[in-house]
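Following: one structure in structure tokens, then a few remarks.
The values are calculated or read from the model by the stated rules, or taken from the named source; none is laboratory data. Note that this is a predicted model, so its numbers are computed, not measured. Don't worry about glycine lacking a Cβ; one is built from the backbone with ideal geometry, like all the others, and counts go over all protein chains shown. Side chains are part of the model used for accessible areas, which takes the heavy atoms of the whole protein and leaves out ligands, DNA and RNA. Shrake-Rupley method; radii C 1.70, N 1.55, O 1.52, S 1.80 Å.
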Amino acid sequence: MKVSNKNKLLMIVVAVGAIAIAATVLLKPKPQEKPAEAVVPPVADILYIAPGPQTLLVPSQGSVHARHEIEVVARVGGVIESVNAAFVPGGFFSTGEALLQLEQADYVHNVTRAESQLANANSAFAQEQGRAKQAKREWRDLGSETANALFLRKPHLAAAEAAVAAARADRDQAKLDLARTTITAPFAGRVVETYVDLGQYIAPGTRLAKIHSTGIAEVRLPLTDQQLALLNLPLGQSLKNSPAVRLRAVVAGREHEWRAQLVRTEASIDPNSRFIYAVAQVQNPYQGAAPLMNGLFVEADIAGRTFEDVVILPRQALHEGNHLLVLNKENQLIFKEVELLQSVADKVWLRGDIAIGDRVIVSSLGYSREGMVLTPNPLNAKPTHLTNSVDAKAESPATAVTGTATDNTYPGGR
């Protein structure tokens, strides 16, 4: 049976297509296997630490007040005759300087009268002494060894002597009242507030002014029980070798410092805050670049106890309150237990299972388990006494990304 030309053409096309498909399948390049990409461990910021002796600074704060602050009160009455130029709020005065002068005329007259009365009393006493001697001679002339007190005028003599003492006391009181017309300051200080002025009549007991001393300034510093443990202050006893205190405050836009000394602790614990107050004193607070003025709010750093093998780290380095995350020589994560001595602002003072050269993680890890491998990113310089072999083993190529960044702001990492 003859095949038509049309069918022959179809068969040729099918055969050619089959050959082309077979050739394509046979000649298709085989896929090459790609090598598995290396898994880069997560990057963690680390600080090299160098534990050492640290004297803890216990922070506190308080307001400055003068050692002495009193109200001046008139002891006698009268019209204010003159006023010192320093008798204004803010005025400075020295010890014994007159602040006010009252009119003295009445008190001068009282002194004169008191002197006259004393002279009369002395005259009467002298006359009575003469009469007593005369009575004693007359009694002896009578030939008797004994005589009663009345005959010898002993009661009269005692009364005259008492009159002299009373007149002298009146004279002294009149002089004292005269002296009190001059209002003086018992210490060198400053006027806080005045209540009277020139020409005003005042009565005894009138408040004249409020003043405070300038020789010694004090600051009451509240302390918690934990802070007391760091200071080791004796309670209920006078302080010997008392801790030094550094006071800081901003005055006229600039920060200034003053040196102070703890001198005592107060007698009781505050029932509301449960704080105990220590008192720091500053000698001559108005000397120097800036005066330590009354009422100024200051921050204080008190020198506390000295501990060995202490490191200062950022707060985020401490985990769960008692351990650090540390990288070992193989860049594996390990946990180390520590003791929290103090926490101030964003820093913590720690001691415990730590050593010089330990690499402490200070960045936040989403997940952490002991033994996991991390890529260290140092934030500070390595301690110089670490051996090169340890450094080389501890370093990773990933540190080259930020290897130039250093941060020496943490004393524990220096």
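Taking amide H as placed 1.01 Å from N in the peptide plane, the amide H of LEU102 sits under 5 Å from that of GLU81, THR182, ILE183, each at least 5 places away or on another chain.
Taking all protein chains together, PHE187, PHE297 sort by accessible area into PHE297, PHE187, largest first [probe 1.4 Å].
Using a probe radius of 1.4 angstrom, the carbon and sulfur fraction of the accessible surface of region 200-315 is 46%.
Each label point was placed 7 Å from the Cα along the Cα-to-Cβ direction; for GLN129 and PHE92 their separation is 5.5 nm. If the segment from THR112 to VAL13 were pulled out straight at 0.36 nm per residue, it would be longer than the present Cα-Cα gap by 20.0 nm. Straight Cα distances below 17 angstrom link LYS240 to the aspartates and glutamates GLU266, with same-chain residues fewer than 8 positions distant left out. Normalising the Debye intensity of region 60-211 to I(0), with uniform scatterers on Cα atoms only, and taking log10 at q = 0.17 Å⁻¹ returns -0.94. Among the protein heavy atoms, those of LEU10 account for about 110 Å² of accessible surface (1.4 Å probe, every chain in place). With θ taken as phi - 60° and the Karplus curve 6.51 cos²θ - 1.76 cosθ + 1.60 applied, the whole-hertz 3J(HN,Hα) list for region 341-358 is 8, 7, 9, 9, 6, 9, 10, 10, 9, 10, 8, x, 7, 9, 9, 4, x, 4 Hz, x standing for glycine and proline. Between ARG137 and TYR195, full extension at 0.36 nm per residue minus the direct alpha carbon distance yields a gain of 14.3 nm. For the charge dipole of region 232-307, defined by +1 on Lys and Arg C-beta atoms and -1 on Asp and Glu C-beta atoms about the Cα centroid, which residue among LEU247, ASN284, PHE307 has the Cα displaced farthest towards the positive pole? Farthest towards the positive end: PHE307. In the context of the full set of protein chains, residues of region 100-252 present 58 Å² of accessible surface per residue (probe radius 1.4 Å, heavy atoms only). Cα centroid separation, region 340-354 to region 257-333: 13 Å.
Report MET11's accessible area, 1.4 Å probe, all protein chains in place, as a number in Å² to the nearest 10. MET11 exposes around 120 Å² with every protein chain in place.
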